[in-house]
1. Which whole number in µm²/s is D for the chain by Stokes-Einstein, with the Kirkwood Rh taken over Cα pairs at 20 °C and 1.002 mPa s?
2. Residue 148's amide H: which non-local residues (gap 5+, or another chain) put their own amide H closer than 5 Å, with H modeled 1.01 Å from N in plane and none for Pro or chain starts?
3. First measure r as the distance between the Cβ atoms of residue 407 and residue 24, then evaluate 1/(1 + (r/R0)^6) with R0 = 41 Å and state the FRET efficiency to the nearest 0.05.
4. Between residue 337 and residue 170, take the C-beta separation as r, use R0 = 41 Å, and let me know the FRET efficiency to the nearest 0.05.
5. Once you charge only the Cβ atoms, +1 for Lys and Arg and -1 for Asp and Glu, what is the size of the charge dipole of the range 9-267 about its Cα centre, to the nearest 20 debye?
6. Which whole-number percent of Cα pairs in the range 9-267 have a distance greater than 25 Å?
7. Taking amide hydrogens as modeled 1.01 Å from N in the peptide plane, which residues meet the under 5 Å criterion relative to residue 231, leaving out close sequence neighbours?
8. Aspartates and glutamates within cross-link reach of residue 284: Cα-Cα under 12 Å, excluding same-chain residues under 8 positions apart?
Amino acid sequence: MKRIPLFALLASLCALLFCSACGERPVVTSPDGRITLSVAADADGPTWSVEVDGEPLLLPSRLGVETREALIAGTQIASVRHSSFDEEWTQPWGENKLVRNHCNEMTVTLRGAGDVALTLRARAFDDGVAFRYEWSVAGCDTLAVTDELTEFRFADEPGTLSWSIPGNFETYELQYRELPVAEVADANTPFTFRTAAGLYGSVHEAALYDYPEMVLRRDSAGVLKADLAPLPDGVKAYVPATFTTPWRTVQIGRRAVDLINSALILNLNEPSKIADTSWITPQKYVGVWWGMHLGTQVWTMGPRHGATTANALRHIDFAADNNIQGVLFEGWNQGWENWGGNQHFDYVEPYADFDLERIAAYARERGVELWMHAETGGNIPEFERQLEAAMQRYAELGIRTLKTGYAGGFKGGYLHHSQYGVQHYQRVVETAARYGIMLDVHEPIKETGIRRTWPNMMTREGARGMEWNAWSEGNSAEYLCMLPFVRLLSGPMDYTPGIFDIDYSRAKADKGRIEWNGPNGDCCIKTTLARQIANWVIIYSPLQMAADLIENYEGHPAFRFFRDFDADCDWSEALQGEIGDYIVVARRAGERFFLGAGTNGEARTLTQPLGFLQPGVRYTATIYADAADSAANPEAYRIEERTVTAADTLEIVMSARGGQAVTFLPQHE
Ligand code: NOJ
Ligand code: CA
């Protein structure tokens, strides 16, 4: 392969040849004129900077990509082109089915010497900025990326507060830290921040394909910069000589909830590659799941096996009777004995006590969808070997949704979030699309908006979900008030909300399984029951689970919320909130509206105008609220019914660790 020196003596000559605007900093400005991204280049390479309302947010920060073959950076701006977009597009499902893409674009071509031309494509929206690298290197087929030089030099690091999980290439199931940017050594994205002037923002990436994930890491010079997950040989990625990287994004808002309402990440992804998306449908589901995490059931065959035929039929009946479209089974397939060992699962053969054909036929008869689960334990080669056959079998059985899992280290020393991982997760998405299968991925690669291009990629985990409440110190109410402003900015999450049996120690004790009550005997779910209901609205997922054991829902008055709820929403808005403190979200599905509100460890009363409802329509509002004693007795709740219109205001009274959920059903329904 040819080695191309970029910083060569010819640089200044190239400047004369190419640059008609030497010394100028090309700028792209958001349509509302408030946000600018500018680019500059000198002998040290290019830089980018961001200003909001004339104030610096990011100071000139270095750009470029180092490969073994060439430094892809450029010392001279060769050309600049500007264009604009203002279009509306629709998606088959999403928080909002109608999305506006309104931005200005600038493409800056940089040259140094040799054959490397780097194009920076930058966009400025009213809700943030983004750029990506595009290059074409002559004289070789493949480039070995050794480092990405992108820096994020916050103008006021001590005065800017941030919320993030640590930078980790294997897992996102970590606790949030609230830290001044100056104290952040490394962080995964979304990396959410608030400046001293009260401006909110979040660093992330969009359209991650064929490249490792980016985390932010402080380098030896003390600068926060991109760090890419490496392959086992230390190289970050092997890419074609002509390549386009994922977008580097900074969402920006004046209110914390603006970040949630931003569609910037989706707008930076390509339209759907699936021509007919009519088979891709949001669903509510229940499953044989929570019992395994409580330890009262197991994935393997034996007396406590969860996925048995009898249990399956019982769950199908429950779903059919409660307006729930899907039922998930974990531990249905052979190989769970190997989990944590050689990680060998069979993705087609059921256990002998799970009569798959009979269960599938019964589900069809009752109009319920069967969901299968495929835990890989991280054994990617084995899963890929069986992938095609497994998908084919699921499609034959009428199965349209697959939950996958990667609980275990990848074989061969590959990291979950490396280029190898990104390529694998994508292979599964595209294979599933060919068989008409929707995906729910646990231990995933982070969402970067690819759901727009591959709308069968419905939801994923990618943060500490409900399972942590069963066998660890659990997820605090404060954590749940951070989640919407950090992880959820990237896209839907299969958190698996809605545990009604808040003090599950009784369930464990009943079954003689009390060993999991937490290291300090603290138990169990860390919120009130009303907040568990509100999470069905707050935590957006087109595949939304009622995660508790179905016996805890049977006959429970508050389960009416989930029966009335519709996971296929058309419109959403985060109405008010502060990171780590509280959140209020409203969604519309057809003519029905849903509202979810939650608070942290503090009791809180919020005033919420109902102006989002259709004007002139009378709604029956059913309010699922904390009771007076919910702080001490989190299973206490009250249900209240009222007639409301868009002209009314709701007073949302929440206990410490509490919440409130409301359904608004039009009275003419
Ligand atoms: C971890 C997943 O997040 C959880 O949902 C699943 O039940 C277990 N792995 C077993 O696959
Ligand atoms: Ca998990």
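The values are calculated or read from the model by the stated rules, or taken from the named source; none is laboratory data. This is a predicted model, so every value here is computed, not measured. Every residue, glycine as well, gets a Cβ built from its backbone with ideal geometry; the counts of neighbours run over all protein chains shown. Note: accessible area is taken over every heavy atom of the protein model, side chains too, but ligands, DNA and RNA are not part of it. Shrake-Rupley method; radii C 1.70, N 1.55, O 1.52, S 1.80 Å.
1. Working: Rh = 26.0 Å.
Result for D is 82 µm²/s.
2. 66, 228
3. On the way: r = 52 Å, r/R0 = 1.28.
Working from the Cβ atoms, E equals 0.20.
4. Efficiency at R0 = 41 Å is approximately 0.95.
5. Charge dipole of the range 9-267: 320 debye, to the nearest 20.
6. That tail contains 44 percent of the Cα-Cα pairs.
7. 236
8. Partners found: 369, 494, 564, 566, 568.
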